[in-house]
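Quick notes on the structure that follows.
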Amino acid sequence: FHKVPAKELTESFGGFQAVADTLGWDRLRDRDVFCLVPGDGVQPRTGVIFAYRTSWKVWSVDPELRPPPPDTEPVRNLRSVPGKIEDLDDVDCAGGIGVVVAVHG
């Protein structure tokens, strides 16, 4: 998107590495996994990392989430939801994971 603080990227990549180390790299290719990233911020950095590096269906949820600039390509497997996690509809999936990197506010 635009200027990205190194601290936030480090947190997001650290979260990804922890999940990959815990679940194993083969599990990252499982298309039946739903990944929920609550509190992802105004830009879905953690969600984007998981969407690009896995085959999972990824939802980034944050009340402060802003839409991407108009000239930005959509990210495969990523759904950005501006709102609260408790307002989400039920998701039909075989397995799921929640990734909470850092929630500020």
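All of the numbers you see were taken from the coordinates with simple rules; none came from a lab. The structure displayed is predicted, hence computed values, not measured ones. Methodologically, a virtual Cβ is constructed for each residue, glycine included, from the backbone with ideal geometry; neighbour enumeration extends over all protein chains shown.
Okay, here's what the table says:
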{"read-out": "Inter-label distance for residue 6 and residue 64, nm, one decimal - labels placed 7 Å from Cα along Cα-to-Cβ", "value": "2.2"}
{"read-out": "Relative contact order (percent, whole number), the chain, Cα cutoff 8 Å, 6+ residue spacing", "value": "32"}
{"read-out": "Share of alpha-carbon pairs per 10 Å distance bin for the chain, given as whole %", "value": "15, 50, 31, 3"}
{"read-out": "Structure-based [θ]222 nm, the chain - -39500 (n - 2.57) summed over DSSP H runs of at least 4, per residue, nearest 500", "value": "-8000 deg cm²/dmol"}
{"read-out": "Extension gain (nm, one decimal) between residue 93 and residue 34, 0.36 nm per residue minus Cα-Cα", "value": "20.6 nm"}
